[in-house]
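Okay, structure first, notes after.
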Amino acid sequence: EPRYALRTDPSSNTVVVGPRTSLAVETISASGGLYVEVNRAEVKWRYRSPGVQARVRQTDGGFRLGLEAPAYGVARGQAAVLYEDDVVVGAGVVTATSGT
């Protein structure tokens, strides 16, 4: 079975690996802001990637997303762009993720 890099720890010079299922993300925190107050939106991390529906909660420094389906390949530092139809309603930088 293939293994994937899950995270790195530069202080101990280690790379943690695991199966693809360990990459699943269901909750995302992002710094940035909402341009329009929404409770739900479609979120994308890459321009051509399929969007994922999410519950949106505004926080002091940005927003928190509860994804309706697990997403793979989401990493800190990536952009999280929120859409309502084809209109951008918010954007931020991923600061934390948590899985299933």
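The values are calculated or read from the model by the stated rules, or taken from the named source; none is laboratory data. Predicted model only: the values in this text are computed from it and were never measured. Note: ideal-geometry Cβ built from the backbone for every residue, glycine included; neighbour counts use all protein chains shown. Ligands, DNA and RNA are stripped out before the accessible areas are found, and what is left, the full protein with its side chains, is counted by its heavy atoms. Shrake-Rupley method; radii C 1.70, N 1.55, O 1.52, S 1.80 Å.
Taking the criterion of being within 20 Å of ARG20 (Cα to Cα) and either free of Cβ contacts under 8 Å to residues at least 12 places away in the same chain or open to solvent by 50 Å² or more (accessible area, probe 1.4 Å) (or both), the residues of the stretch 59-70 that qualify are GLU68, PRO70. Residues that are over 9 Å from the mean Cα position of the chain (by Cα), under 29 Å from TYR4 (Cβ atoms), surrounded by fewer than 17 Cβ atoms within 10 Å (Cβ to Cβ) and aliphatic (A, V, I, L, M) are absent from the stretch 34-56. Residues in the stretch 6-28 that are part of a strand (DSSP E or B) and of a type in the set (D, E, K, R) were compared, and the one that is most open to solvent (accessible area, probe 1.4 Å) is ARG7.
Within the stretch 25-78, the set of residues being more than 16 Å from VAL93 (Cα to Cα) and polar (S, T, N, Q) comprises ASN39, SER49, GLN53. Taking the stretch 2-20 as the range and being within 14 Å of VAL74 (Cβ to Cβ) and not hydrophobic (A, V, I, L, M, F, W, C) as the test, the residues that pass are TYR4, ARG7, ARG20. Considering only residues in the stretch 71-96 that are open to solvent by 60 Å² or more (accessible area, probe 1.4 Å) and outside any loop (DSSP other than H, G, I, E, B), the one that is farthest from SER22 (Cα to Cα) turns out to be VAL87.
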